[in-house]
1. Only one residue in 234, 223 is more than 22 Å from residue 465 (Cβ to Cβ) and either part of a loop (DSSP other than H, G, I, E, B) or more than 16 Å from the chain's Cα centre (by Cα) (or both). Which one?
2. Taking the conditions exactly as written (under 21 Å from residue 266 (Cα atoms), free of Cβ contacts under 8 Å to residues at least 60 places away in the same chain and assigned to a loop (DSSP other than H, G, I, E, B)), does residue 200 satisfy them or not?
3. So residue 83 fits all but one of (1) in a loop (DSSP other than H, G, I, E, B); (2) surrounded by 16 or more Cβ atoms within 10 Å (Cβ to Cβ); what number is the exception?
4. Would you confirm whether any residue within the stretch 171-190 is without any contact (Cβ under 8 Å) to a residue 60 or more places away in the chain, touching a strand residue (DSSP E or B) at 6+ places or on another chain (Cβ under 7 Å), assigned to a helix (DSSP H, G or I) and over 20 Å from residue 363 (Cβ atoms)?
5. Return the residue satisfying two criteria in turn: it lies in the stretch 358-387 and is touching a helix residue (DSSP H, G or I) at 6+ places or on another chain (Cβ under 8 Å) and assigned to a loop (DSSP other than H, G, I, E, B), and of such residues it is surrounded by the most Cβ atoms within 10 Å (Cβ to Cβ).
6. Condition (residue is out of contact with any strand residue (DSSP E or B) (no Cβ under 8 Å at 6 or more places or on another chain), outside any helix (DSSP H, G or I), outside the structural domain of residue 178 (by TED's automatic domain parsing) and modelled with pLDDT under 75) applied to the stretch 456-466: is it met by at least one residue?
7. Determine which single condition residue 305 fails, assuming it passes every other condition in (1) farther than 19 Å from residue 159 by Cβ; (2) loosely packed, with under 15 Cβ neighbours inside 10 Å.
8. Can you spot a residue in the stretch 59-77 that is surrounded by fewer than 16 Cβ atoms within 10 Å (Cβ to Cβ), in contact with a strand residue (DSSP E or B) (Cβ under 8 Å, 6 or more places away or on another chain) and either modelled with pLDDT of 85 or more or not in a helix (DSSP H, G or I) (or both)?
């Protein structure tokens, strides 16, 4: 194969000695060139025994197209560049159909020879890189490598294995950080759609207008800033899978458009009239209770039944403690590889602390805790002093109790306090409680979002979303949205 210096092994199949010299001169000393003077005889045996990066083959006879097809079978990774006079165009087309990579017409200059070979080598390099990434991806998303020691997770994995090779829409529920996104990728890369795109969209982090354009695309001039037509994610994922994370945050308008995509695989771009059809599979996920959203008229019931053809619930980490140690070891090895650190395990004190912690942020929080510990630890084992376990987020403030006065008691007069009666406060909404909690955490941590997130036991990204949701601002922040 082509070496680090870019030198390639090139096999030249050309009977004419003059054209042999032209090709050798064009390739020069940049590549290792071998002329095969025996025509077709023994070529397949040679290609089978030895590795070549490029084959230059002259279309001397009509049978050469069949030879190309045979070469591509025994050495599919080797690009074949055919050479021929212009008047043999029909034969060239046939050769390309049989697997030839490129066509170099005679007469050719040294520059054209080098360009053709460089193009083939570049293409082959990209193909090898993609093949490598796909192999890595296959390992990454291998069902067998997923830690599932808890009975509940064994049941989840069994179900996902069965669903993987179908086209059924799947709804994955569970708390933030339980691995919904990862498992959606595992389903895709173990399905018949694995060679097609896998596209993730987080419905909670994008405004309704932008999300509509992101999913469905838009036509030029559809809105201010739409300077050109853009294909949406559904078009880009044609043949593959779209993962809609936090689908419970999608607006009712977009829910209706999504329902149509699920029903008949068709839609129009924003500002367009042309109906587009796609072949995609939808996997949705949410940490919300969609039944509650349906009751509150915030989520369409018909869409719920359409996305929940197969429903899978991921239990939180605290309910699958049998998996905790194995997951921690896996995350430790990952962090050590990425940060080039030599930490081999956890001390008994750390294991005990992990086992007794509630893990409100689930696997995502565990990964963050281990990553920081690897950075802080100087020894071969993670010690307790290197592990930061934030306190679990406190419960919302409880309204003061209402003390009912005894029968016959005189109600207090206006402006007069009474030890027997405390006016009932105006009930707060859940959002108000949540906003109050976040404000208190920010104030306690001098408005540091990172430390406030740790205090609350959530990720900085989740806190940032809440800050934008509740429009919390502070003069010392560089950006206030």
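The values are calculated or read from the model by the stated rules, or taken from the named source; none is laboratory data. These figures come from a predicted structure and were not determined experimentally. Quick reminder, even Gly has a Cβ in these numbers, built from the backbone with ideal geometry, and neighbours come from all protein chains shown.
1. On the way: 234 fails: either part of a loop (DSSP other than H, G, I, E, B) or more than 16 Å from the chain's Cα centre (by Cα) (or both).
Unique residue meeting the criteria: 223.
2. Details: under 21 Å from residue 266 (Cα atoms): yes; free of Cβ contacts under 8 Å to residues at least 60 places away in the same chain: yes; assigned to a loop (DSSP other than H, G, I, E, B): no.
Answer is no for this residue.
3. The single condition residue 83 does not satisfy is (1).
4. no
5. Ranking the qualifying residues of the stretch 358-387, first place goes to 361.
6. Taking the stretch 456-466 first, the residues out of contact with any strand residue (DSSP E or B) (no Cβ under 8 Å at 6 or more places or on another chain) are 456-466.
Those still in the list that are outside any helix (DSSP H, G or I) too: 457-459.
If we keep only those that are outside the structural domain of residue 178 (by TED's automatic domain parsing) as well, we get 457-459.
Adding the requirement that they be modelled with pLDDT under 75 leaves 457.
Checked against the condition, which is being out of contact with any strand residue (DSSP E or B) (no Cβ under 8 Å at 6 or more places or on another chain), outside any helix (DSSP H, G or I), outside the structural domain of residue 178 (by TED's automatic domain parsing) and modelled with pLDDT under 75, the stretch 456-466 yields at least one hit.
7. Of everything listed in (1) farther than 19 Å from residue 159 by Cβ; (2) loosely packed, with under 15 Cβ neighbours inside 10 Å, residue 305 misses just condition (1).
8. No, the conditions are met nowhere in the stretch 59-77.
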